[in-house]
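Presented below is the structure to which this report refers.
The values are calculated or read from the model by the stated rules, or taken from the named source; none is laboratory data. As the structure is a prediction and not an experimental result, all values here were calculated from the model. All Cβ positions, even for glycine, are placed from backbone atoms using ideal geometry, and neighbour counts span all protein chains on display. Heads up: the accessible areas ignore ligands, DNA and RNA and are worked out on the full protein's heavy atoms, side chains in. Shrake-Rupley method; radii C 1.70, N 1.55, O 1.52, S 1.80 Å.
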Amino acid sequence: TVQFGLRGMGVAPAGVEKDLTGHHHLVIDSAPFGSDNPEALSEALPADENHIHYGGGQTEAMVELAPGTHTLQLVLGDWSHTPHDTPIMSEVITITVE
Ligand SMILES: [Cu+2]
């Protein structure tokens, strides 16, 4: 179970255009979002097995991962799945699934 933390912003479902809100995306085993990857921050996040959208406004989720080492990063996206102008994202963490 992954719990998504957020302060100073609200969570709104995808498609709801409201200032200072967004929905969470979990980036799994994929290139990190950040200043070294600026183009990824200016367009909608892809939707695939490495980029999970929580467009219902979920603040935690169960994720099934194969045993081994995985990286996770949380990226907030606006109503259209695009990171905010000042992107809101976590550091990349590395976890081990046994
Ligand atoms: Cu999204």
Would you grab the residues whose amide H sits under 5 Å from the one on Ile88? Only those 5+ places off in sequence or on another chain, please, with H modelled 1.01 Å from N.
Leu76
If I compute solvent accessible area with a 1.4 Å probe over the protein chains, what percent of it on the range 2-97 is carbon and sulfur?
53 percent
Please give the net charge around Ser30, taking every other residue with its beta carbon less than 12 angstrom from that of Ser30, where Lys and Arg add +1 and Asp and Glu add -1.
-3
Counting Lys and Arg as +1 and Asp and Glu as -1, what is the net charge of the other residues whose Cβ lies under 15 Å from the Cβ of Gly5?
-1
I'd like to know which of Val2, His81, Val63 lies farthest towards the positive end of the charge dipole of the chain, counting +1 on Cβ of Lys and Arg and -1 on Cβ of Asp and Glu.
Val2
Taking K and R as +1 and D and E as -1, what net charge do the other residues with C-beta under 15 Å from the C-beta of Glu43 add up to?
-4
Would you mind telling me which residue in Thr21, Thr82, Thr71 has the biggest mean-square fluctuation in a Gaussian network model of the chain, where springs connect alpha carbons within a distance under 10 angstrom?
Thr71
I need the fraction of alpha carbon pairs in the chain separated by more than 18 Å, rounded to a whole percent.
42 percent
Rounded to the nearest 20 debye, what is the charge dipole size of the chain about its Cα centre when +1 sits on each Lys and Arg Cβ and -1 on each Asp and Glu Cβ?
300 debye
GNM, the chain, Cα, under 10 Å: largest mean-square fluctuation among Val16, Val27, Val63?
Val63
